[in-house]
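One structure below.
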Amino acid sequence: MALGVHRLTRAATTAVPATPTAGVTRTGGRSYDRRMSASSSAGRREPLVGRAAELDDLDEVLSTVTTGAGATVLLEGEPGVGRSRLVEALQGSARLLGVDVVSARGHDPGTPYALLADALLRRDTGPAAPHARGPVVAELTALLDRVPAGPSAAPARHARAEELFTALVRRHGDDGPWALVLDDLHLADAPSLALLAHLAGDGVLPHALTVMTLRPVPRPELAALVAAWTRAGARYLEVRPLSMSACVELAQHLVGAPVGPALRGVLATTGGNPRLVVDVVHAVQACGALEPRGGGVDLVGQSWNDELDRVGRSHVQDLDPAVRHVLGQASVLGTSFVVGDLAALTGLPLTDCWRTLRHGLAAGVVHARGDRLVFRHDLVRTGLYGGLDPTARRALHARAAWALREAGAPSFVVAAHLERAR
């Protein structure tokens, strides 16, 4: 069964025509399809590449559900790494196998039970069990209009809402296998997260594949949910960055031709993040910086540098301004830095500096390597650096020279900062 699902998923996500057809151009003896992938959402052209291992894992758990078992998967990864694209592929395979798919995305943290209500109460079309349209839904729908944000304000109403949601979830599998796909849990409301964590106490949902995707953000409700489901035996899958070869493959799908060395060099600065790869390609296309070169395409001129800086900064625009500010200062220190050096540069106490950097770690902007923190995507670092006010940037280099000299850094490193401080 797993092999069959595996083939369905590949066919839906990575197929490229073997011979030229309408919408396909031939360059250098190969064919490249400029059309949207069959599995892509409307308006999206990028295919799903470099994810064979993750798809295999998801195929395996989906196959267990089709035989009547239950399974839970926690899918974690940095912004733009492809969590949502993987669950899109999973949902397509599930529907082809006759598995009912119930899905929702975290987006409204201020409304109690918004995530679960979107998944279980707002299904106007598609297959649904008879009980999902009966008195339980009617009572729950009416109750949610009177549930305040905090459980302490109306504990009886919250308790009744949890009871009704639990009944819906537990009974949904009575009529056959189903998949509950909850995307972006880091943006979900606290009552939904608390109820999902409580459900873990009874183990996997019967006849259900439960997939929950999230970013590794420092949020207590999210940590409690992950811990509860981990103890309940959920499978944890980390969506890691793409390999360089997969980044190149993705870029070639987007431009319709082999990519040259200059563009490959820029792709290397994305740190294997698929969204950044797509944004880089779209940015250089928009500013007319791609031209035919040696049977493929490559970057020309320098007009694209500022645009790429904007792409790098946009990748962290959802972070708190204080976090972006500290990361911008860290960019002056280079691709990697010691937290103590950054604290000296910023003038922050070491504990406050580390507390702020934890959000950058959770967002995947930096990661630990030995005693240092390293920018995961040099594209983001250069974007943050380029966004600094020139006068402020020179002042930061002067302060960095002093801080690094005090820390015993090599003289040539100090001299490089002094040169940039001029």
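Readers should treat all values here as calculations from the given coordinates under stated rules, not as data from a laboratory. Since the structure is predicted, the reported quantities are computational estimates derived from the model, not experimental observations. We place every Cβ from the backbone using ideal geometry, glycine too, and count neighbours over all the protein chains shown.
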Putting +1 on Lys and Arg Cβ atoms and -1 on Asp and Glu Cβ atoms, find which of PRO261, PRO206, ALA286 reaches farthest to the positive end of the dipole of the chain.
PRO261
Using +1 on the beta carbon of Lys and Arg, -1 on that of Asp and Glu, and nothing else charged, what's the dipole of the range 316-420 about the Cα centre, debye to 20?
100 debye
Stretched fully, the stretch from GLU139 through LEU96 gains (0.36 nm per residue minus C-alpha distance, one decimal, in nm) 12.2 nm
Determine, for MET212, MET244, the number of other Cβ atoms within 10 Å of each Cβ, and report the residues in order from fewest to most.
MET244, MET212
Over the chain: helical MRE at 222 nm, DSSP H runs n ≥ 4 each giving -39500 (n - 2.57), nearest 500:
-15000 deg cm²/dmol
Largest-first principal axis extents of the Cα set of the range 316-420 (Å)
35, 28, 23
Residue ranges of DSSP H helices in the chain that stretch 30 Å or more (Cα, own long axis) and have mean Kyte-Doolittle hydropathy of at least -1.0 are none
Compactness of the chain - radius of gyration and Dmax, Cα, Å
24.5, 75
When the chain is fully extended, how far beyond the present Cα-Cα distance does ALA415 get from MET244, taking 0.36 nm per residue of separation?
58.2 nm
Take PHE337, PHE165 and order them by how many other Cβ atoms sit within 10 Å, fewest up front.
PHE337, PHE165
If R0 = 30 Å, then GLU307 and ARG358, at their Cβ-Cβ distance, give a FRET efficiency to the nearest 0.05 of 0.45
Average silhouette area of the range 50-238, convex hull of alpha-carbon atoms, in square nanometres
10.1 nm²
Kirkwood Rh, angstrom, the range 173-269 [1 / mean 1/r, Cα pairs]:
16.3 Å
Antiparallel bridge percentage (DSSP; both residues within the chain; nearest 5)
40 percent
